[in-house]
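Let me begin by presenting the structure, written as structure tokens, before commenting on it.
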Amino acid sequence: MMALLFSLITLPYAPNALEPVISQETIEYHHGKHLQTYVDNLNKLIAGTEFESMPLEDIVAKSQGAIFNNAGQILNHNLYFLQFRPVTGNPSPVTDIPSPLRDAINRDFGSFEAFKAEFEQKGTTLFGSGWVWLAANKDGKLVITQEPNAGNPVTKGLKPLLTMDVWEHAYYIDYRNRRAAHLQSLWQIINWDEINRRYTE
């Protein structure tokens, strides 16, 4: 099979479109430098290996060590950056969420506010670097997982839907060490249509 070369994703919004939630400086640094490094590293690491013709999710599910770390970070960041939409005021997240995702959140967490509180708590309390995820099992049940370092719910047989990056490089320029404030602000720019699409596909 032909080797797959991974490339840096193109953002569907301008680098300044997420301000003031995420600054242009953070986007240029986080997307343009950090994510580019993971892409470059993975292409070098998988050359000549069994992974060079695999889709990204398969690499994450089947690899270990440096290949897993770089592939995981690419998958995580792709899902992260593509889940946002430009700031358009401060709409209510509850009314923005389409069904069936909205119904699933109410079913599995009791309410959006209960889901939001648990998600922020797990993101704030994850020790060190990593990710907090909303994911779905094969039956569509929603769960929140804490994944250290480059972890992704696909390694647990789950479908990743929504994520917040709690590596310091994701928020330190804009929020310094205020991780909780960073997490609280991100709800303003979530594209719930995209999250619902991931849930239903």
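The values are calculated or read from the model by the stated rules, or taken from the named source; none is laboratory data. For clarity, every value in this text was computed on a predicted model and none was experimentally measured. All Cβ positions, glycine included, derive from the backbone under ideal geometry; neighbour counts span all protein chains shown. Areas reflect the complete protein model, heavy atoms only, side chains present, ligands, DNA and RNA absent. Shrake-Rupley method; radii C 1.70, N 1.55, O 1.52, S 1.80 Å.
So, in the chain, how many Lys pairs have Cα atoms under 15 Å apart, if the pair is 8 or more places apart or on different chains?
Details: K62/K156; K138/K156; K138/K159; K141/K156; K141/K159.
Close lysine pairs under the 15 Å cut-off: 5.
With axes computed from alpha carbons, what is the tilt in degrees of helix 36-46 against the longest principal axis of the chain, rounded to the nearest 10 within 0 to 90?
Between the helix axis and the principal axis of the chain, the angle is about 40 degrees.
Once the piece of chain linking Q184 and K62 is laid out straight, how much longer is it, given 0.36 nm per residue of separation minus the C-alpha distance between them? Intermediate results must be reported in sequence, preceding the final value.
Numbers: separation 122, 0.36 × 122 = 43.92 nm, distance 3.33 nm.
Fully extending the segment from Q184 to K62 adds 40.6 nm.
Find which of T200, G110, S23 sits farthest along the positive direction of the dipole of the chain, computed with +1 on the beta-carbon of Lys and Arg, -1 on that of Asp and Glu, about the Cα centre.
Selected residue: G110.
Extending each Cα 7 Å along its Cβ direction at T10 and N106, get the distance between those two points in nm, one decimal.
3.9 nm
What FRET efficiency comes out for the pair T200/Q36, r = Cβ-Cβ distance, R0 = 35 Å, nearest 0.05? Intermediate results must be reported in sequence, preceding the final value.
On the way: r = 31 Å, r/R0 = 0.89.
Working from the Cβ atoms, E equals 0.65.
For W131, what residues show an amide H to amide H distance below 5 Å, using hydrogens built from the backbone and excluding near sequence neighbours?
Amide H neighbours of W131, under 5 Å, 5+ apart: E147, N149, V166.
Excluding ligands, DNA and RNA, what is the solvent-accessible area per residue of region 56-201 at a probe of 1.4 Å, expressed in Å²?
Working: 6180 Å² over 146 residues.
Counting only protein heavy atoms, the per-residue value for region 56-201 is 42 Å².
Relative contact order for region 51-201: what percent, with Cα pairs under 8 Å and sequence separation of 6 or more?
Details: 210 pairs, mean separation 42.1, N = 151.
It comes to 28 percent, rounded to a whole number.
Students often get this wrong: which residues of region 171-189 have the backbone nitrogen under 16 Å from the point 7 angstrom along Cα-to-C-beta of T125?
Counting only backbone N, you get 180.
Charges on Cβ only, +1 for Lys and Arg, -1 for Asp and Glu, centred on the Cα centroid of the chain; of L82, A14, W167, which one is farthest towards the dipole's positive end?
Checked the options; the winner is W167.
Given a Förster radius of 25 Å and the C-beta distance between N43 and E168 as r, what FRET efficiency does 1/(1 + (r/R0)^6) yield to the nearest 0.05?
Values: r = 26 Å, r/R0 = 1.03.
It comes to 0.45.
Over region 1-129, what relative contact order in percent results from Cα pairs under 8 Å that are six or more residues apart? Walk me through the numbers before you get to the answer.
On the way: 79 pairs, mean separation 32.5, N = 129.
Dividing the mean separation by the residue count of region 1-129 yields 25 percent.
Any idea what the dipole of region 6-134 comes to, in debye rounded to 20, about its Cα centre with Lys/Arg Cβ at +1 and Asp/Glu Cβ at -1?
Taking the Cα centre of region 6-134 as origin, the dipole is about 40 debye.
Percent of accessible area on the chain owned by carbon and sulfur, 1.4 Å probe? Provide the component values of the computation, followed by the final result.
Values: 4890 of 9380 Å².
That share works out to 52 percent.
Residues of region 1-44: accessible area per residue at 1.4 Å, in Å²? Show your work: numbers first, answer last.
On the way: 2600 Å² over 44 residues.
Here the per-residue accessible area is 59 Å².
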